[in-house]
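Okay, so here's the structure we're looking at.
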Amino acid sequence: MSDLRLDKGKATRGRLVSAARDLFAERGYEGTSIEAVLAVAEVKRGSLYHHFPSKEALFDAVLDGLLRDIADSAATAARAAGTDPIANLRAGCLSWLHMALDDAIQRIVLVDAPSVVGWQRVRDLDKQHALGRLRANLSRVATSVRLPDGQVDIMAHMLLAALGEAALLIARAEDQQAALETATAAVSTLIDRLLSPAPPVTTTRRRP
């Protein structure tokens, strides 16, 4: 019986998160009521508050899931790019930019999240889902390019921030497809410049 209750609880939580994700994407956080979530999920109020003490907590769960999806999709794209670590990095970064066209990601992750849960919470979730993978990828290329080992961590933070800003510009653009193309080219250029192979060391002979 305990397993059945656990499975039922997981199913209820899943319906709530799924319903909230669709409503937050369509109406935004402020425009979404608890009553609307309950109606779409077909869940009673008591069951909702059993899983989430507030609408903000429900939003946080939706945000957590979306950031996990972004990181997982980027990782899948990176693996599909082959064995070259720079190609892996580029594919993962560009995957994130393409996901910025998604309505749910635009409204929930890029627009509402900072004001609802705060920048620190967004940063914490980015660290949890994306930063470690980005850091690991950069560590793989650090030995062969102009990137000292001591700069891997800060470079991962900087690249993640750059991707977030590029995604936000895409979301706010009147022509989002054109903005995506521009951002894709810019991020690709950034990676090329940051991770270009170090020039060969040359020595000059002193004249006698």
Answer residue from the stretch 62-71, given it is of a type in the set (A, V, I, L, M) and free of Cβ contacts under 8 Å to residues at least 60 places away in the same chain and is surrounded by the fewest Cβ atoms within 10 Å (Cβ to Cβ) among those
LEU66
Can you list the helices (runs of 4 or more DSSP H) found entirely within the stretch 10-97 that contain at least 1 residues being of a type in the set (Lys, Arg)?
45-51, 55-80
Quick count over the stretch 29-46, residues being farther than 30 Å from LEU160 by Cβ and surrounded by fewer than 18 Cβ atoms within 10 Å (Cβ to Cβ), is 11
Only one of these conditions is not met by SER73: (1) farther than 25 Å from ASP124 by Cβ; (2) not assigned by TED's automatic domain parsing to the domain that holds LYS8. Which number is it?
(1)
So if I check each of ALA100, ALA74, which one is within 16 Å of ALA185 (Cβ to Cβ), of a type outside the set (Phe, Trp, Tyr) and crowded, with 22+ Cβ neighbours inside 10 Å?
ALA100
State whether one or more residues within the stretch 131-138 are in contact with a helix residue (DSSP H, G or I) (Cβ under 9 Å, 6 or more places away or on another chain) and either at pLDDT 95 or above or among the hydroxyl-bearing types (Ser, Thr, Tyr) (or both).
no
May I ask you to list pairs of residues, at least six apart or on different chains, whose Cβ atoms are under 6 Å apart, with the first in the stretch 44-61 being within 25 Å of VAL111 (Cα to Cα) and the second being of a type in the set (Phe, Trp, Tyr) and surrounded by 13 or more Cβ atoms within 10 Å (Cβ to Cβ)?
LEU58/PHE52; PHE59/TYR29
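The values are calculated or read from the model by the stated rules, or taken from the named source; none is laboratory data. Because the structure is a prediction, the values reported are computed rather than measured. Heads up, the Cβs are rebuilt from the backbone with ideal geometry, glycines too, and the neighbour counts pull from every protein chain shown.
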